[in-house]
Every structure is written in C-alpha cells, then in structure tokens.
1. With respect to Ala35, is the statement that it is closer than 27 Å to Asp389 by Cβ and touching a Leu at 6+ places or on another chain (Cβ under 8 Å) true?
2. I'm trying to understand the selection: among the residues of the stretch 170-192, which are closer than 29 Å to Asp138 by Cβ, within 16 Å of ligand 1 (Cβ to nearest atom) and more than 18 Å from the chain's Cα centre (by Cα)?
3. Could you grab me the full set of residues in the stretch 181-209 that are in a loop (DSSP other than H, G, I, E, B) and either within 11 Å of ligand 2 (Cβ to nearest atom) or closer than 16 Å to Met388 by Cβ (or both)?
4. So which of Thr92, Thr114, Thr105 is over 27 Å from Glu164 (Cα atoms) and hydroxyl-bearing (Ser, Thr, Tyr)?
5. Which one of the conditions (1) in contact with an Asp or Glu (Cβ under 7 Å, 6 or more places away or on another chain); (2) within 14 Å of ligand 1 (Cβ to nearest atom) does Thr331 fail to meet, given that it meets all the rest?
6. Does Tyr69 fit the bill of being aromatic (Phe, Trp, Tyr), closer than 19 Å to Glu204 by Cα and not assigned by TED's automatic domain parsing to the domain that holds Thr214?
7. Within the stretch 23-72, which residues are assigned to a loop (DSSP other than H, G, I, E, B), more than 16 Å from ligand 2 (Cβ to nearest atom) and farther than 21 Å from Cys229 by Cα?
8. Find the helices (runs of 4 or more DSSP H) located wholly in the stretch 94-163 whose residues include 3 or more that are modelled with pLDDT of 95 or more, touching a strand residue (DSSP E or B) at 6+ places or on another chain (Cβ under 7 Å) and surrounded by 15 or more Cβ atoms within 10 Å (Cβ to Cβ), and list them.
Amino acid sequence: MTVRYADFRDIAIADFDAVVVGSGFAGAVCARELAEQDAMNVLVIEKRGHIGGNMYDEYDRAGILVHRYGPHIFHTNDRAVFDYVSRFSPWTSYQHRVLADWYGTYLPVPVNKTSLEIAFGDEKAARLIEKLIATFGDERKVTINELRAQADPELAEVADFVYENVFLYYTQKQWGLTPEEVDPSVTARVPVFISRDDRYFQDEFQGMPAEGYTRLFENLLGHDNITVCLDTEAESVFELVFASGDEDAPLSAIRIKDEDFTGPIVYTGPLDELFLARFGRLPYRSLDFVYETFDEDHHLPCGTVNYTVSEDYTRITEFKWLTGQTGSRTTIMKEYPRPYDDPSSQIPYYAIIDDDNDARYERYRRLTDALPNFHPLGRLAQYRYFNMDKVVADALAASRRILASGEAASTG
Ligand code: FAD
Ligand code: UDP
C-alpha cells in the first residue's frame, strides 16, 4: 500500500494512539511495529519534505539513483535485522570496496596485505606481513591504536605508514581533529586487516535495497494505520510542559494541538533541538555534498575512493557501483566535512563523542526520564555513531518494550 500523507493542520490528534518524530530507520521501524503488532494508529511527523531520513535516495537529472545524505551500504551480522528489512525490499548482494588515493596510486582500505605490497614492495611486505601474522594472527583485524602501541620497529614502521598515509589527513578533514583526539571507537571502525579480503565490510549480510532505500521506506511506512505529516518540526508542534520553572526540571507532559498526549512518543531527532538548546548546542560534524555527472560508463575503479593525503574532500562515491545501475552516464559525489553551525540549513551528521559532549547529552536526556511515554531513539536522539543495522535492532527492541508496557493512548 502507498504511504498516507496528511497536512498536520488537518489531523485530529485524538485519532492517534502513538506519535513518532522522524522517518529514518528508527522512526519508521517503530511506526510500523506499533501499527502492525497492536493496531495502533500512528502519526509520523517529519521535518523534511520526504521520508527515509538519511537513507533517502532519488533519481537525479541524468537518471542516476543517488543518495542525498551520504552513501549508504547496508551491512549486518544480525540475521533478525536482515530478515526484517528484507520484508520491505529485495536486496542485492553488493560488496563495498574502497581504495585510498595515495599520491595517485590506489591502496585498498582497510589496509590489507595487498596495500602493504603496494606501499612497501613485495619483498619487504612479505616480512612485515609475517611479523603481523606472528603478532596478531592471520585474518585478524587490528586497530590503528593497537598497531601504534607495538614496540617492534618493523611493526612501528607499518603503524607509522598507515597513520600518516591513511588516517591523519582524512581524520583531520573529517573531524577537524587528529586521530588521537577522536574517540578510539571512531578510527577502530576502519582497522588494518591482515588478509587478502579487500571488502570494506566483512558482515555476513550486506547489500543494497534492489529498488532503492526510498522505495523500502515507502513499503515500511505504507500501512493502513500510519499517517505521515512532512515538513513538520516537532519543536513547532509540541508544547513541552515541565515540572517547574527550573532549568533542570523534568518534562512532565507533551501537549500536541492543545491536548496532553499520553500515548507513546518516539523521538528520533536531536534532543538539544527539542529543548531549544537550553544547555547549549550538542556539537556535530556536518557535510556538504557536491555532485558531478559524466558522460561515461564509470568514473571510478570502485564504489568509493578515499582521499587520505590530498584534496579538501574526504571521499568520492560513484553510485552506479553501489546500485548496479547501467547506462552511458554516471554521477559521483564528493563529501566536504564542515562544522555544524546552522540547524536551519545544515544537517547534524556525526555526533562528536567525548566526555563533555556526553555529559551535556545526559543532561538533556535526564529531562525526559520522568516522562515514561517519551522514547528517545536512533543516531540523533541517542547522540551516538550508529550504523543502520544497530538502529533497526534498537527500534525493534524499543517497539517490543513499548508494546509490552501497554502504554495507554488517551488524550485529554
Ligand atoms: P536519521 O536517518 O537521521 O533520521 C532522523 C529523521 O528525523 C530525519 O528524517 C530527520 O529529518 C527527522 N527529524 C530530526 N529532527 C526532527 C524534528 N525536530 N522534527 C521532525 N523530524 C525530525 N550506516 C550504515 O549502516 N551504512 C552506511 O554505509 C552508512 N553511511 C553513512 C554515511 C553518512 C555520510 C552518514 C552521515 C551516515 C551513514 N550511516 C551509514 C549511518 C546512518 O545514516 C544512520 O545509522 C541512520 O540514518 C540512523 O537512522 P535514524 O532514524 O536514527 O536517523
Ligand atoms: N578513516 C580514515 N581514513 C580512511 C577511512 C577512515 O582516517 O581512509 C577514519 C576517519 O576518522 C573516519 C573513521 O575512520 O571518520 C571512520 O570511517 P568510516 O568509513 O567508518 O566513516 P563513515 O562512513 O561513517 O563516514
């Protein structure tokens, strides 16, 4: 069934049992589960003019399917998650490959045995690989921090090479910070892989929705009990009621269209935005995307090329590699990282994880603790660096908790 859209001004809030803010995976999966498992009438409000969150894709003027908010490749080891998303789309078995442009020579990323051969020559690489295997084991993944902690001079040489040529400049561009300054979990996402496997991800299930993400989200949100209001921002339509006038006083109710809404409210936007940044803004990194179309079959040798030693952009993605689309034209996209200063024109793509920011996030989070029907969920509302599969798994778990708690939906 197709998605049912409505204008927020035309809906009666008393018709709904649950409200979901945001239509990315966190919001859309919850909306579907509440609608399907308990026949709840679910209202989804979405500030953008389309569904799908950061997964949104569409055909550009050259007829190429492009991602509008960064390249998205689905990968997971969680069979339940893959089975779930497979209900809403068939999947291709695309395996993502990334090359680093190293002064005009391509090195596989994550750095693997082949990368070391290209960088050091076959003979020396053989010795280094032997040492890596003796230290860590064959077919093992080692983070750049683990590698840099090794005292052995040959391993230190590998570590220095990878640090200088793969991590340092890319991380400075991406975060405005050195690899030492970012949370270790960030660089750990891209280890050194003592292997010939040149895929970016080794998860058991990976691929792309065969007809695109937007179609998948249409199928996910296309349900009799779900109504979607686009161009509707939570902070404009929620009236927040607090226990007292104190800055840290907890939220005691959310009123929508002049009525207390007591059914489940799943919120997947940034928490600081909801509270109008009363404790200061939560910092994020944002990105600008620049697209180019060429009259050629393919422009790059693989899905993504990372620029680890040059350029102002971090990477270029060519969508046809990801989607398997054919034809004589192709579109690429460059990613230019930048600070997130202006919520009205920019998107908060990456939470900047550190102790101060976590503490600020927790202060916002505590405002919501006393309101049992309010559920912050997803990459933005949890201020975390989550992949899609984790968000789907969390949304399924949150829906089960909401359904088990039997949260009453009544307005008054
Ligand atoms: P989102 O997709 O951000 O959805 C949140 C939705 O809420 C948005 O539609 C937003 O408009 C809406 N919203 C926000 N605030 C409000 C408000 N106040 N009122 C109303 N609506 C609101 N993951 C992978 O697994 N593989 C990848 O290859 C991958 N590539 C990525 C590339 C980039 C550049 C980025 C930034 C992320 C990537 N991710 C990838 C992560 C993926 O984007 C997230 O895991 C996913 O988007 C999380 O879904 P979500 O629903 O939590 O958030
Ligand atoms: N990274 C890097 N060089 C690379 C690839 C990744 O320095 O060639 C670092 C960088 O700090 C980046 C992090 O590893 O932010 C995580 O990379 P990933 O590809 O997972 O980032 P995402 O796709 O989420 O933007």
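1. Numbers: closer than 27 Å to Asp389 by Cβ: yes; touching a Leu at 6+ places or on another chain (Cβ under 8 Å): no.
Against the criterion (closer than 27 Å to Asp389 by Cβ and touching a Leu at 6+ places or on another chain (Cβ under 8 Å)), Ala35 does not qualify.
2. Tyr170, the sole residue that qualifies.
3. Glu181, Val182, Asp183, Ala188, Arg189, Val190, Pro191, Tyr200, Phe201, Asp203, Glu204, Met208
4. On the way: Thr114 fails: over 27 Å from Glu164 (Cα atoms); Thr105 fails: over 27 Å from Glu164 (Cα atoms).
Result of the check over Thr92, Thr114, Thr105: Thr92.
5. (2)
6. Numbers: aromatic (Phe, Trp, Tyr): yes; closer than 19 Å to Glu204 by Cα: no; not assigned by TED's automatic domain parsing to the domain that holds Thr214: yes.
It is false that Tyr69 is aromatic (Phe, Trp, Tyr), closer than 19 Å to Glu204 by Cα and not assigned by TED's automatic domain parsing to the domain that holds Thr214.
7. Going residue by residue through the stretch 23-72, those that are assigned to a loop (DSSP other than H, G, I, E, B) are 23-24, 39-41, 46-52, 56, 60-64, 68-72.
Those still in the list that are more than 16 Å from ligand 2 (Cβ to nearest atom) too: 23, 39-41, 46-52, 56, 60-64.
Correct list: Asp60, Arg61, Ala62, Gly63, Ile64.
8. 113-120
The values are calculated or read from the model by the stated rules, or taken from the named source; none is laboratory data. All figures in this text were calculated on a predicted structure; none of them were measured in a lab. Glycine gets a Cβ as well: all are built from the backbone with ideal geometry, and neighbour counts include every protein chain shown.
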